[in-house]
Structures are given as structure tokens and as C-alpha cells.
Amino acid sequence: MGTIREDVFLGTTEKYNQKLEMLAKMAQQEKWTYKKIQESDPYRILRNYIQFTYNRIDEENKFVYSSDGKLRCMNTGLLTVYNQEIVAIFAKNDMQGKQPWFFNGFFKETDKFFTTNFSSLPLLADYCDNVKDLIYDNGLELKLKKEHIIDDNFERFVAAGYSNKALISVLLDSAKGTLEKKLKRNFKLALPFYYRNTETGESKIQLLAPLYFPGAPVRLALVLNKIQSDAKEYYEGVTVLPVEWAYMNSRLIVKPDEEWAKIMDEIDSTSDKNSIQEAIDNVD
């Protein structure tokens, strides 16, 4: 499987950001970075989205080629305000020692450059075989794998402001109760996340749900696995992620709902720049 960094010459950071800016203006409006890093990295979420969408398109072999083979394009999965498909087009790179493709730019399905070179739209990236895996089933029990959550992720709790394991255990129980109530009223609060183990090649859908610790802004998201045992099916909370990381990774499949937008606005107003940068650097 190729990656966009291996396959495509993207140009300078400035030039690539200009193309991302054009895409952000072309697409339906949504959150594409964090306020605290707006100036230094204005399209952090969007860049991550394009990077991993490309990787998945390559994995599924869904590129569409021009008749002469000198151009290829992919469906970005984004729509314009008039619900037109937006594609990314790549040209053969003739420069020796460089990536085999050069990033041309983003185009609407009605743009002449696309319609004159391609006879069909490329397919969307697909991340699962069963759409039910993308939706939280509030009829299933939610359990917490506490030892793993706390011991293996203690540094993430410390970064979020919690350094006492006994207290964290109590807070997790409280957050679990609050989360279950909220999920029964809004199943979209649990965001689907495509997880792929780069070592084994194994992939699966996990769900990401906010952890509501009493009296504090949401800083961590709970990662849920759907467990199918002989006895019954249930969800198991197995680890935690910073909410910035959770939001950015889940955007690969769906646009987070209004509750998540509120969570991110609160993070933007309370988090310092360094904590956000550290949280999302791990995604590259």
C-alpha cells in the first residue's frame, strides 16, 4: 500500500497549504484546524483527512486514470456547497528521483479539466463491510477495561490534568454513566474510527466517545471495541485518546456532530498551544 508522501510530490508547505485553502473554500464549511494553532498550521485536520483518504483509496485501488495514463484522480469524499463531488488530480512526474506523481490540485466534478480528461467519477473510499459497525448500538452493555485504560495510558491522563490513579478510576465510573445516558439519546456521539495495524495489516472499526469527567471540559475520548463472545455481544472501552486526536481521526469517515463541535470549541478556549500540538503530532 502506498502513501501520499511516498507517491506524490506535494510541493512546498506554502504551495500545498494554498491548495488546501482552496479546497476548504470549495467544500462545505467545517472545522479544519484548532484555534490555538490557526496561524502555524491552518489546515491540520484537512491535511490529515486528505493524507489518509489517499492511503485508503490506494489500498482499495480506486484511482481513475485518464485515457493516456498521464493523469489519475481520486474522490476526496467532500462536497461543494452545491453538493458537487470534489476530486484530487495527480499528473505523472517526469522529474528523476522524485515521487512518481505530482499533485495538480482539487477540482469540482463539473470543472473542464476533470471532464475533458476523465469519463467517470472515482468511487468513494470505503472503510467497512457492515454499516452497523459504524453506529453505536445502545442495546449493548458497555464495559471498561480499567487496568489497561489507566496503566497503559497514564501519561495521557496526566496531560489532561489527572495524576491520581484511584481518582481516575472513580472518574471513569462516573464518566461511563454519563456517557451511557448521552449515547441513548444521541448515538452519533460515538464516532467511527478506522484503525489499521501497520505491522500486521489488520484493520477494524472502533468507536470514539467523549469522557465527561465531572466539572471539567472533555479532554479525553474513550476507544470502544465491539466484542463478540459466545455468551453475548458488548462494547469494551480499551484505551483513551486526546480529544483532538480522536476528532481528527474520526473525521476520516464522518463529520462529527454538534456535540463534538461544542467539545472542540471548549478545548480551543482552554487548551494551550503546546498541548494541542503534542496531542496531534502522534498522528503523522
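The values are calculated or read from the model by the stated rules, or taken from the named source; none is laboratory data. All of these numbers come straight from a predicted model, not from anything done at the bench. When we count neighbours, we look across all protein chains shown, and the Cβ atoms used for this are built from the backbone with ideal geometry, even at glycine.
One line per residue, one yes/no per condition, for (1) among the β-branched types (Val, Ile, Thr); (2) over 26 Å from Ser250 (Cβ atoms); (3) in contact with a Phe, Trp or Tyr (Cβ under 7 Å, 6 or more places away or on another chain):
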| site | (1), (2), (3) |
| --- | --- |
| Asn93 | no, yes, yes |
| Gln96 | no, yes, no |
| Gln99 | no, yes, yes |
| Phe113 | no, yes, yes |
| Asp133 | no, no, no |
| Asp137 | no, no, no |
| Leu142 | no, no, yes |
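Return yes when Met95 is in contact with a strand residue (DSSP E or B) (Cβ under 8 Å, 6 or more places away or on another chain) and either part of a helix (DSSP H, G or I) or modelled with pLDDT under 95 (or both) and no when it is not. Answer is yes for this residue.
Scoring Asn249 on the criteria (1) within 13 Å of the chain's Cα centre (by Cα); (2) assigned to a strand (DSSP E or B) leaves a single failure, condition (2). Here is a check on your reading of the model: is Ala160 in contact (Cβ under 8 Å) with a residue 40 or more places away in the chain and not assigned by TED's automatic domain parsing to the domain that holds Ala246? No. Every condition in (1) modelled with pLDDT of 95 or more; (2) over 30 Å from Tyr65 (Cα atoms); (3) assigned to a loop (DSSP other than H, G, I, E, B) holds for Ala166 except the one numbered (3). Checked against the criterion of being assigned to a loop (DSSP other than H, G, I, E, B), touching a helix residue (DSSP H, G or I) at 6+ places or on another chain (Cβ under 6 Å) and modelled with pLDDT under 95, region 138-146 has at least one qualifying residue.
Determine whether Leu224 is touching a residue at least 12 places away in the same chain (Cβ under 8 Å), touching an Asp or Glu at 6+ places or on another chain (Cβ under 8 Å) and closer than 30 Å to Thr3 by Cα.
Values: touching a residue at least 12 places away in the same chain (Cβ under 8 Å): yes; touching an Asp or Glu at 6+ places or on another chain (Cβ under 8 Å): yes; closer than 30 Å to Thr3 by Cα: yes.
Considered against the rule, which asks whether it is touching a residue at least 12 places away in the same chain (Cβ under 8 Å), touching an Asp or Glu at 6+ places or on another chain (Cβ under 8 Å) and closer than 30 Å to Thr3 by Cα, Leu224 comes out as yes.
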